[in-house]
1. If we keep just the residues of the stretch 63-101 that are assigned to a loop (DSSP other than H, G, I, E, B) and charged (D, E, K, R), which is most open to solvent (accessible area, probe 1.4 Å)?
2. Within the stretch 149-176, track down each residue that is open to solvent by 50 Å² or more (accessible area, probe 1.4 Å) and either at pLDDT below 95 or charged (D, E, K, R) (or both).
3. Considering only residues that are open to solvent by less than 90 Å² (accessible area, probe 1.4 Å) and either free of Cβ contacts under 8 Å to residues at least 12 places away in the same chain or not in a helix (DSSP H, G or I) (or both), which ones fall in the stretch 315-324?
4. Look through the stretch 205-250, keep the residues that are of a type in the set (Asp, Glu) and under 14 Å from Ala192 (Cα atoms), and return whichever of them is surrounded by the most Cβ atoms within 10 Å (Cβ to Cβ).
5. Could you list, in sequence order, all residues of the stretch 218-239 that are in a loop (DSSP other than H, G, I, E, B) and more than 22 Å from the chain's Cα centre (by Cα)?
6. What is the residue count in the stretch 251-281 for residues that are open to solvent by less than 40 Å² (accessible area, probe 1.4 Å), part of a loop (DSSP other than H, G, I, E, B) and either on the phi < 0 side of the Ramachandran plot or not small (Gly, Ala, Ser) (or both)?
7. Looking at Val103, Val82, Val64, which is the one that is out of contact with any strand residue (DSSP E or B) (no Cβ under 8 Å at 6 or more places or on another chain), closer than 22 Å to Thr245 by Cβ and at pLDDT 95 or above?
8. Restricting to the stretch 282-314, count the residues that are open to solvent by 20 Å² or more (accessible area, probe 1.4 Å) and either under 21 Å from the mean Cα position of the chain (by Cα) or more than 18 Å from Thr80 (Cβ to Cβ) (or both).
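The values are calculated or read from the model by the stated rules, or taken from the named source; none is laboratory data. What you are looking at is a predicted structure, and each value in this text was computed from that prediction instead of being measured. A quick note on method: Cβ atoms are made from the backbone with ideal geometry, for glycine too, and the neighbour counts reach across all protein chains shown. Surface areas here come from the heavy atoms of the whole protein model, side chains and all, with no ligands, DNA or RNA. Shrake-Rupley method; radii C 1.70, N 1.55, O 1.52, S 1.80 Å.
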Amino acid sequence: MSKSLHVLGATLGAAALAASLTACGGDSLEKSKDGGSASSSSSSEGGAKGKLVIGAAGFTESNVLAELYAQVLRDAGYSTSVTTVNNRELYEPSLEKGEIDVVPEYAATLAEFLNAKVNGKDAPKDKPVASSDATATVAALEKLATPLGLKVLPAGSAVDQNAFAVTKEFAAKNNLKTLSDLGKSGLKVKIAAGDECAVRPFCRPGLEKTYGIAVSGIDPKGVGTPQAKQAVKDGEDQLVLTTTTDATLDTYGLVLLEDDKKLQNADNVLPVVNAKDAGTPEVAAALDGLTKTLTTADLVELNRKVDAERAKAADVAKAYLESKGLLKK
């Protein structure tokens with residue numbers, strides 16, 4: 001699976017924070033993004049501008065993004081290496097200290113992580129700073145990150161956040177393209193998700209309040225797990241909570257319904273760097289070219305190549321960068 005580490009909304013309790021937030025939308029639902037603290041490293045030959053360590057969070061999408069960052073920076077004249085630290089509680093302090101120089105991140109999730117770190121564990125729930133507005137979320141992230149010695153680079157259009165899918169047949173039969181369509185249909189749906197879906201504002205409560213969707217129950221099969229998607233494919237459930245960069249939806253005959261009223265937080269992909277060691281215009285320029293090019297659909301395809309075709313993240317990253325003309329050498 002991809003990250004998605006994604007995504008649970010701004011409601012984070014101490015337990016959720018301790019379990020670690022991982023990439024999208026506040027706290028993370030996805031086990032694949034949480035993970036432990038194992039560390040591994042890979043390196044690439046470099047250039048005369050100095051050495052940069054790129055951090056990866058251990059799930060497919062983060063590994064691919066880290067390789068993309070490493071290769072564009074290498075092309076810009078830096079010596080780069082990738083180190084994997086699965087837990088944000090560990091790699092974020094390393095970024096502050098300069099042990100890691102650059103990390104691919106998700107705007108809303110990191111904003112709420114730092115909100116909890118700076119303002120207390122209950123802050124994401126009591127005074128959330130992330131929202132569906134990407135510009136406002138990035139501004140809130142910058143305000144929290146800058147005093148910690150971190151520099152937040154511009155976000156792109158690629159986003160990995162919570163999303164809901166139905167079977168293609170169910171969508172076609174009921175003329176569903178958006179979550180609003182589902183709400184207007186009056187159809188009752190059972191959601192394959194995690195237990196948290198019952199109380200998280202981005203899940204059942206939000207679907208009911210924002211879209212008027214009739215939720216008949218929660219099937220606790222996890223976020224975007226094979227079991228959850230299979231349950232929807234088999235008709236046991238009608239809706240599955242997954243993420244916008246889930247590369248396996250086609251395998252199960254599923255299609256995402258658009259979050260047209262923007263219930264989910266803006267977990268746009270963006271680079272975060274140690275301001276002292278990697279806050280130069282040259283680093284920003286190298287990464288900005290990639291950020292402006294990368295789309296959500298691109299992430300889906302990159303994830304698919306690694307997860308389904310078993311390609312190496314470094315090879316997938318190189319082929320993508322070459323196809324987009326982002327490598328000069």
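1. Here the answer is Glu99.
2. If the condition is that a residue be open to solvent by 50 Å² or more (accessible area, probe 1.4 Å) and either at pLDDT below 95 or charged (D, E, K, R) (or both), then Lys151, Lys168, Glu169, Lys173 are the ones that fit.
3. Listed by number, the residues that qualify are Ala319, Ser323.
4. Asp237
5. Asp234, Gly235, Glu236, Asp237, Gln238
6. 7
7. Step by step, each of Val103, Val82, Val64 is checked, and only Val64 is out of contact with any strand residue (DSSP E or B) (no Cβ under 8 Å at 6 or more places or on another chain), closer than 22 Å to Thr245 by Cβ and at pLDDT 95 or above.
8. Adding up the residues that qualify gives 22.
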